[in-house]
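The values are calculated or read from the model by the stated rules, or taken from the named source; none is laboratory data. Everything quoted here is computed from the prediction, not taken from an experiment. A quick note on method: Cβ atoms are made from the backbone with ideal geometry, for glycine too, and the neighbour counts reach across all protein chains shown.
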Amino acid sequence: MQVGDNVFKDIDKILKNPVYFPSGLVGFGDFKRYSLEYDEKFSPFLKMVSLEPQGPTFVVVEPWLVKSDYTFELHERELELDDESDLLCFVIVTLHRNNGKISANLMAPLVINSRNGFAKQLILDKSPYSTRHYFE
């Protein structure tokens with residue numbers, strides 16, 4: 001399945017259910033369960049908060065809001081997807097304190113099956129994307 005050109009679908013569906021990363025995230029493998037929190041004041045950003053004690057919190061955004069032609073290949077079996085409309089995709093955002101710029105990690109998208117909460121961080125090692133794609 002080619003993934004691209006997606007924008008906030010049924011946000012209520014994903015906010016009600018925890019997200020589960022069986023393998024964790026790169027550098028945070030011990031933390032597997034997260035919730036997504038949306039606050040209209042910070043739109044289009046969401047917080048992805050670990051549900052485990054001492055877990056990390058990340059700021060995420062849909063990649064198409066950073067790079068409109070963002071696309072990658074995803075195999076449906078990776079997320080147990082029955083329907084493409086159940087797919088959500090986010091990238092982790094970083095605020096660089098040294099220069100005040102904001103970047104997104106387009107090389108490691110977070111893909112989520114909104115129907116069952118199953119999620120995975122992909123590593124697009126053979127892609128044109130960067131771990132620090134700066135917002136314009």
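In the set V111, V91, only one residue is free of Cβ contacts under 8 Å to residues at least 60 places away in the same chain and under 23 Å from R33 (Cα atoms); that residue is V91. Restricting attention to segment 85-101, the residues that are assigned to a strand (DSSP E or B), crowded, with 17+ Cβ neighbours inside 10 Å and touching a strand residue (DSSP E or B) at 6+ places or on another chain (Cβ under 6 Å) add up to 6.
Report, by residue number, each residue of segment 102-117 that is over 9 Å from the mean Cα position of the chain (by Cα), part of a strand (DSSP E or B) and either among the aliphatic types (A, V, I, L, M) or surrounded by fewer than 18 Cβ atoms within 10 Å (Cβ to Cβ) (or both).
I102, A104
Just wondering, is there one or more residues in segment 35-54 that are at pLDDT below 85 and of a type in the set (F, W, Y)? No, segment 35-54 contains no residue that is at pLDDT below 85 and of a type in the set (F, W, Y).
Candidates in segment 53-84 are the residues that are within 20 Å of L36 (Cβ to Cβ) and surrounded by fewer than 12 Cβ atoms within 10 Å (Cβ to Cβ); of these, the one that is nearest to the chain's Cα centre (by Cα) is T57.
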